[in-house]
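The values are calculated or read from the model by the stated rules, or taken from the named source; none is laboratory data. Values in this document were obtained by computation on a predicted structure and should not be read as measured data. As a convention, Cβ positions derive from the backbone with ideal geometry for all residues, glycine included, and neighbour counts pool all protein chains shown.
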Amino acid sequence: MTAMPLPQLRLEVPMNDLDAQYRQIKGEVDAALARVIEEQSFILGPHVQRFEANYADYCKVGHCIGVSSGTDALVLALLAVGVGEGDEVIAPALTFGATIEAICQVGARPVLCDIDPQHYTIDPEQVRRCLSDRTRAIVPVHLYGQVADMDGLNALAVERGLVLIEDAAQAQGARFRGEPAGSLGRVGCFSFYPGKNLGAYGDAGGLTTNDEVLAERLKRLRNHGQVAGDKFNYREIGFNARMDGLQGAVLSTKLPHLNDWNERRRVIATRYCAELAGLDCMTHPVEAPHAHHVYHLYVVRVPDRDALAASLQAAGVETAVHYPHPMHLTPAFRLLGCGEGSLPVSEQVCREILSLPLYPEMSDEQVDWVIDAVWRHYV
Ligand SMILES: Cc1ncc(COP(=O)(O)O)c(C=O)c1O
């Protein structure tokens with residue numbers, strides 16, 4: 001009897017694998033969490049302070065303020081720089097909803113702007129067209145892990161006296177001209193949502209700035225308008241937007257690994273780009289001049305996005321779309337008055353983008369598997 005060939009082992013490749021990361025650092029994380037519980041230091045406190053100091057160093061800024069989410073970081077940043085009723089804030093149409101939501105939450109009007117078709121970040125030339133007498137701030141989003149064109153944006157900000165607030169939620173460790181995301185504007189806003197390059201074990205966020213007065217205001221705003229050492233003497237109307245001790249401890253544990261994890265992301269991105277380069281129908285991410293991309297997401301463009309996603313799913317490869325709709329075509333933000341066709345690059349990109357799995361714990365075999373599955377869809 002002839003032996004039957006063994007069926008090829010099928011790999012499953014999820015979009016992310018937080019469990020694999022936890023297993024690598026389980027000892028460190030468990031010990032850090034236990035310490036917080038033993039010390040009963042649940043809100044702000046020494047574990048948050050330690051993370052704030054370490055993350056400020058990492059971002060090469062004077063101050064980091066730990067908060068409860070990236071969304072709260074954006075709201076607090078806008079308020080603290082004085083954006084409010086009657087102001088306009090320019091932001092890209094291709095982003096996660098929180099960017100635009102935060103502008104609305106402080107009573108300002110978001111002015112949605114088109115993106116650079118190569119890098120998917122806000123296009124300074126388009127920003128210029130969005131300016132008005134009411135423009136107070138620009139919120140560039142360092143989308144997918146790549147810093148926006150800060151040269152062009154800074155020049156505009158200086159020329160027009162505007163505030164630059166970085167939405168660096170997806171860009172922990174990214175750099176522009178060697179300088180870290182979060183140090184490139186008046187204030188940087190980070191999300192430490194669990195799936196981010198640096199992720200907490202729940203919601204968490206942070207603000208970075210070199211401005212000491214702004215940092216003090218942000219600390220007040222996150223804690224009901226109180227200042228340290230003068231409890232219940234509310235200086236202004238604030239929020240409950242504090243970081244938890246458990247999140248501070250997890251983030252401090254993970255931060256020393258971030259550069260290695262980001263390097264592994266870059267290795268996988270280089271493989272995708274090189275080994276799928278022969279597919280003419282596929283557009284790969286492009287690292288902009290002066291940028292150090294940290295590939296929070298690896299987003300390709302193809303004309304048959306939904307068909308490719310279905311083939312990959314059948315092959316056990318999970319994909320996602322970040323994002324299927326530009327902000328101005330979602331029900332909540334249609335009221336901003338931009339109709340279909342008004343921001344053509346964002347609209348076209350949203351029809352064609354697909355995020356392939358990319359996370360540091362992905363094995364070389366999983367990367368092979370994804371590449372092979374993409375090729376098999378097209379040949
Ligand atoms: C670009 C961007 N901005 C803001 C946020 C909001 O962060 P959070 O979910 O921590 O509130 C996110 C989260 O995914 C994001 O991707």
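Could you run through the range 311-344 and say how many residues are of a type in the set (A, V, I, L, M), assigned to a loop (DSSP other than H, G, I, E, B) and touching a residue at least 60 places away in the same chain (Cβ under 8 Å)?
Here the count works out to 2.
Which condition number does Glu340 fail, the rest of (1) surrounded by fewer than 16 Cβ atoms within 10 Å (Cβ to Cβ); (2) over 26 Å from Pro14 (Cβ atoms); (3) at pLDDT 95 or above being met?
(3)
Looking at (1) within 15 Å of the ligand (Cβ to nearest atom); (2) out of contact with any strand residue (DSSP E or B) (no Cβ under 7 Å at 6 or more places or on another chain); (3) of a type in the set (A, V, I, L, M), which one does Leu76 not meet, given that it meets all the others?
Status for Leu76: all satisfied but (2).
Restricting attention to the range 239-269, which residues are of a type in the set (A, V, I, L, M, F, W, C) and closer than 30 Å to His224 by Cβ?
Matches in the range 239-269: Phe239, Ala241, Met243, Leu246, Ala249, Val250, Leu251, Leu255.
What single numbered condition from (1) within 16 Å of the ligand (Cβ to nearest atom); (2) assigned to a helix (DSSP H, G or I) fails to hold for Gln49?
Going through (1) within 16 Å of the ligand (Cβ to nearest atom); (2) assigned to a helix (DSSP H, G or I) one by one, Gln49 breaks only (1).
Suppose the filter is assigned by TED's automatic domain parsing to the domain that holds Val141 and within 16 Å of the ligand (Cβ to nearest atom); does Ala32 pass it?
Spelling it out, it is not the case that Ala32 is assigned by TED's automatic domain parsing to the domain that holds Val141 and within 16 Å of the ligand (Cβ to nearest atom).
Scan (1) of a type in the set (Gly, Ala, Ser); (2) within 15 Å of the ligand (Cβ to nearest atom); (3) more than 25 Å from Pro324 (Cα to Cα) for the single condition Gly86 breaks and write down its number.
(2) is the only condition that Gly86 fails.
Confirm whether Val267 is under 21 Å from the mean Cα position of the chain (by Cα), of a type in the set (Val, Ile, Thr), surrounded by fewer than 16 Cβ atoms within 10 Å (Cβ to Cβ) and within 26 Å of Gln172 (Cα to Cα).
yes
State yes or no: is Phe239 within 14 Å of the ligand (Cβ to nearest atom) and surrounded by fewer than 19 Cβ atoms within 10 Å (Cβ to Cβ)?
yes
Inside the range 183-200, can you point out the residues that are within 13 Å of the ligand (Cβ to nearest atom) and part of a loop (DSSP other than H, G, I, E, B)?
The answer is Phe192, Tyr193, Pro194, Gly195, Lys196, Asn197, Leu198, Gly199, Ala200.
Residue under question is Gly248, and the condition is that it be out of contact with any Cys (no Cβ under 6 Å at 6 or more places or on another chain), modelled with pLDDT of 95 or more and not assigned by TED's automatic domain parsing to the domain that holds Pro285; does it hold?
yes
Taking the options Ile37, Ile65, Ile43, Ile25, name whichever one is farther than 19 Å from Met327 by Cβ, at pLDDT 95 or above, touching a strand residue (DSSP E or B) at 6+ places or on another chain (Cβ under 9 Å) and surrounded by fewer than 22 Cβ atoms within 10 Å (Cβ to Cβ).
Step by step, each of Ile37, Ile65, Ile43, Ile25 is checked, and only Ile43 is farther than 19 Å from Met327 by Cβ, at pLDDT 95 or above, touching a strand residue (DSSP E or B) at 6+ places or on another chain (Cβ under 9 Å) and surrounded by fewer than 22 Cβ atoms within 10 Å (Cβ to Cβ).
Out of everything in the range 124-143 that is surrounded by fewer than 24 Cβ atoms within 10 Å (Cβ to Cβ) and touching a Cys at 6+ places or on another chain (Cβ under 9 Å), what residue ends up being nearest to Pro324 (Cα to Cα)?
Among those that are surrounded by fewer than 24 Cβ atoms within 10 Å (Cβ to Cβ) and touching a Cys at 6+ places or on another chain (Cβ under 9 Å), it is Gln126.
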